[in-house]
Amino acid sequence: MAKGALFKTMKKVKGSFTFDEKTANVFDDMLTRSVPFYSEIQRMIVELTKSFICNKSNVYDIGCSTGTTLINLAKIIDKKQIRLIGIDSSEAMLKRAREKLKRNNALNRCVLINADLNQDFEVKNASVVIMNLTLQFINPVKRDFVVSKIFNGLRKNGCLIFIEKILSNEAKFNRKFVGFYHDFKMRNNYSKLEISRKREALENVLIPYTYDENVRLLKKSGFKIVDSFFRWYNFCGIIAVKK
């Protein structure tokens, strides 16, 4: 795994974060050092997926990046009955995903699709759709379209599982949670300069909602059952079921 030093040398920062080749090369290291309980979140996603999948259906990982979740799913899902589909807008990420899937003997189990979620993509016959730290990067104007597209492509009793950075309803807590998150990253050997530069690079690129705003978005799209399954300060795991 390449070690991330992306923000040590970056000059242009504000709103400059992209999922290009440089990011793809260090993305796995970036996730493990930047996302609290990342390994546990992956385990929970697999566990929840396994409890909702049904025979002869599709499981989508939308925003699949370098394919970590797809690899984990391939280990536990019956080969003949379920098709794993990864969608990402970055060809650099999909290139890394293909390499990792091949090393883990999972490439023949998966279909990888390059698609811009802000434009158009397909979801059909899905028992589970996963969005791991993806919805927050989609233009807020387009989020209704994206979530409705997922809802319409899910089978009855299928679910959407997603992890998001979220905002607190209270500004005081929001400031505290961001501070605790920065402390977490410093414990994982990010410098204050790197943290500051990454935050600036993500400005107007990563746009989080509050938990309540995410719930309203899901219910507006037709989901009847919505709950959280994970929370760490300003990170939240949400599951929504189509009835």
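Please treat every number below as a calculation from the coordinates, not as lab data. Keep in mind it's a predicted model, so treat the numbers as computed, not measured. Every residue, glycine among them, receives a Cβ derived from its backbone with ideal geometry; neighbour counts consider all protein chains shown.
In degrees, nearest 10, range 0 to 90: what is the angle between the Cα axis of helix 21-34 and the longest Cα principal axis of the chain?
With both axes taken from Cα atoms, the answer is about 90 degrees.
Could you work out how far helix 38-52 tilts from the main Cα principal axis of the chain, as a 0 to 90 degree angle to the nearest 10?
Taking the Cα atoms of the chain, the angle to 38-52 is about 20 degrees.
Using a Förster radius of 41 Å, what is the FRET efficiency between LYS224 and ASP183 based on their Cβ-Cβ separation? Nearest 0.05, please.
Between LYS224 and ASP183 the formula returns 0.60.
Neighbour counts of other C-beta atoms within 10 Å: give me LEU70, LEU218, LEU202 arranged from fewest to most.
LEU202, LEU218, LEU70
Would you mind working out the magnitude of the charge dipole of the chain relative to its Cα centre, with +1 at each Lys and Arg C-beta and -1 at each Asp and Glu C-beta, to the nearest 20 Debye? Could the numbers behind the result be given before it?
Values: 44 positive and 24 negative charges, 62 e Å.
Here the size comes out at about 300 debye.
Give me the distance between the Cα centres of segment 176-213 and segment 107-135, rounded to whole Å.
26 Å
When a footprinting reagent is the concern and you count Cβ atoms within 10 Å, what order do MET131, MET186 take, fewest first?
Lowest to highest Cβ neighbour count: MET186, MET131.
By counting other Cβ atoms within 10 Å of each Cβ, how are GLU213, GLU47 ranked from fewest to most?
Ranked by crowding around the Cβ, least crowded first: GLU47, GLU213.
Under 19 Å from a point 7 Å along the Cα-to-Cβ line of THR18: which residues of segment 110-147 have their amide N that close?
114-119, 137-139
Pairs LYS95/LYS124; LYS165/LYS192; LYS176/LYS242; LYS198/LYS242: which exceed 27 Å Cα-Cα?
Result: LYS176/LYS242; LYS198/LYS242 exceed 27 Å.
Please determine, in degrees from 0 to 90 and to the nearest 10, the orientation of helix 171-187 with respect to the longest principal axis defined by the Cα atoms of the chain, where the helix direction is its Cα long axis.
Its long axis makes an angle of about 80 degrees.
Run the simple label-point estimate for ILE113 and ARG231 please: 7 Å along Cα→C-beta, distance reported in nm.
3.4 nm
Say the dipole of segment 21-241 comes from +1 at the beta carbon of Lys and Arg and -1 at that of Asp and Glu; which of GLY158, ASN118, THR32 then lies farthest toward its positive end?
GLY158
When only C-alpha pairs under 8 Å and at least 6 residues apart count, what is the relative contact order of segment 21-241, in percent?
Relative contact order of segment 21-241: 19 percent.
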